[in-house]
Amino acid sequence: MVFPEYRPRRLRKNENIRALIRETRLSADQLVSPIFIMPGKNKREEISSMPGVFRLSVDQLAKEAKELQSLGVNSVILFGLPEKKDAMGSGAHAKDGIIQRGIRELKNKVPDFTVITDVCLCEYTDHGHCGCLIEETVDNDATLEILAKTALSHAAAGADMVAPSDMMDGRVAEIRAVLDENNFEMIPIMSYAVKYASAFYGPFRDAADCAPQFGDRRSYQMDPANSREALREATLDVDEGADILMVKPALAYLDIIRQLKDEFDLPIAAYHVSGEYAMIKAAAEKGWIDEERIMEETLLSIKRAGADIIITYFAKDMAKLLRR
Ligand code: PBG
């Protein structure tokens, strides 16, 4: 069928018809809101490079979770700013660490809310790398043990799901084994399977104070130029027992999200990261773009590319928009 018999504009005539044939829809219950937890009491500090995103002290978490829940967003992913850092990142698995306290607070006060934890060491190491070091190299195999301990401590504190973001080889298998040995066989692993060495993490590193003190993360995070390697990384994580595969960042890697969606039958998550958020906020502040429409269009593109779950600093704003 060709013009004039076929006219695509017939189905664009009004909003009712457009809605009838809409292929992709965002849903608040598939959004995950990141939360930064900081020491202290009654703290709510706005992150300068991420307007509208706050570092919260533990006592502020339940309020935040209830607000998210009232908007239909039922999950968060937690990041911590510990009181102290050391070479081995031992604060990451401290029984009374910042994340462990945050998890307990949330699970006590808002039990039906889903708490996902980021499992990584960079916020807890004084050198800012995602694992422990031998001289200036991150020691893959020694790091695995610390990561598994960290995931276990999160599960023991009550976390509903763990999300390793360190990019060490073999970490999903190690975490799965340790969780299973300790009767946490029902705790899913959302693996940051395909995580690129990206400049889009800039604002996050300020927010979580976790920039590497020397060098960069290119010896463990992926080269942005590669897509076949993404499939290899994802295959490894599937074989090691990942339950959900994540691609990160999102917008510059929509092709990767689509490839993973087509190649694998696990749920796909995408992390719409800090720099992606900051760029929209900055341009909107200047009045150069319409923030709300750009937010919606961006998140829609991530969903359309194949993401089931979207982790985004816009979770609350998007959920509010979906309510209207
Ligand atoms: C920890 C981690 C990072 C992000 C999530 N987990 C930082 C990094 O790898 O440098 C970035 C998230 C964002 O930019 O929003 N490794």
Expected output for the stretch 258-275 (first residue free of Cβ contacts under 8 Å to residues at least 40 places away in the same chain and surrounded by fewer than 24 Cβ atoms within 10 Å (Cβ to Cβ), partner of a type in the set (S, T, N, Q) and in a helix (DSSP H, G or I), Cβ below 9 Å, 6+ apart or cross-chain) is GLU263/THR235; PHE264/THR235
Looking at the stretch 230-255, which of its residues are away from the ligand (no atom under 16 Å from the Cβ), under 16 Å from ARG304 (Cα atoms) and not acidic (Asp, Glu)?
-> LEU254
So LEU179 clears everything in (1) modelled with pLDDT of 95 or more; (2) in a helix (DSSP H, G or I); (3) surrounded by fewer than 22 Cβ atoms within 10 Å (Cβ to Cβ); (4) more than 9 Å from the ligand (Cβ to nearest atom) except one condition, right? Which one?
-> (3)
The number of residues in the stretch 44-55 that are assigned to a strand (DSSP E or B), at negative phi and out of contact with any Asp or Glu (no Cβ under 6 Å at 6 or more places or on another chain) is 7
Collect the residues in the stretch 182-200 that are hydroxyl-bearing (Ser, Thr, Tyr) and surrounded by fewer than 23 Cβ atoms within 10 Å (Cβ to Cβ), keeping them in residue-number order.
-> SER198
Quick one: CYS122 ticks every box in (1) within 16 Å of the ligand (Cβ to nearest atom); (2) of a type in the set (A, V, I, L, M, F, W, C); (3) not in a loop (DSSP other than H, G, I, E, B) bar one, so which box is it?
-> (3)
When both residues are 6+ apart or on different chains and their Cβ atoms are under 8 Å apart, which pairs have a first residue that lies in the stretch 191-204 and is hydroxyl-bearing (Ser, Thr, Tyr), and a second that is assigned to a helix (DSSP H, G or I) and near the ligand (Cβ under 7 Å from one of its atoms)?
-> SER198/GLY275; TYR201/SER274; TYR201/GLY275
Out of the stretch 256-296, which residues are more than 16 Å from the ligand (Cβ to nearest atom), part of a loop (DSSP other than H, G, I, E, B) and either under 19 Å from ASP308 (Cβ atoms) or among the hydroxyl-bearing types (Ser, Thr, Tyr) (or both)?
-> PHE264, ASP265, LEU266, PRO267
From ASN108, ASN140, ASN74, residue being within 26 Å of ILE280 (Cα to Cα) and of a type outside the set (Val, Ile, Thr) = ASN74
Working carefully through the options GLU285, GLU233, GLU276, GLU297, find the one that is in contact with a helix residue (DSSP H, G or I) (Cβ under 7 Å, 6 or more places away or on another chain) and not aliphatic (A, V, I, L, M).
-> GLU276
If you scan the stretch 299-316, which residues turn out to be within 16 Å of the ligand (Cβ to nearest atom) and either within 16 Å of SER75 (Cβ to Cβ) or modelled with pLDDT under 95 (or both)?
-> LEU299, ALA307, ILE309, ILE310, ILE311, THR312, TYR313, PHE314, ALA315, LYS316
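The values are calculated or read from the model by the stated rules, or taken from the named source; none is laboratory data. Since we're looking at a predicted model, the values are computed, not measured. Glycine gets a Cβ as well: all are built from the backbone with ideal geometry, and neighbour counts include every protein chain shown.
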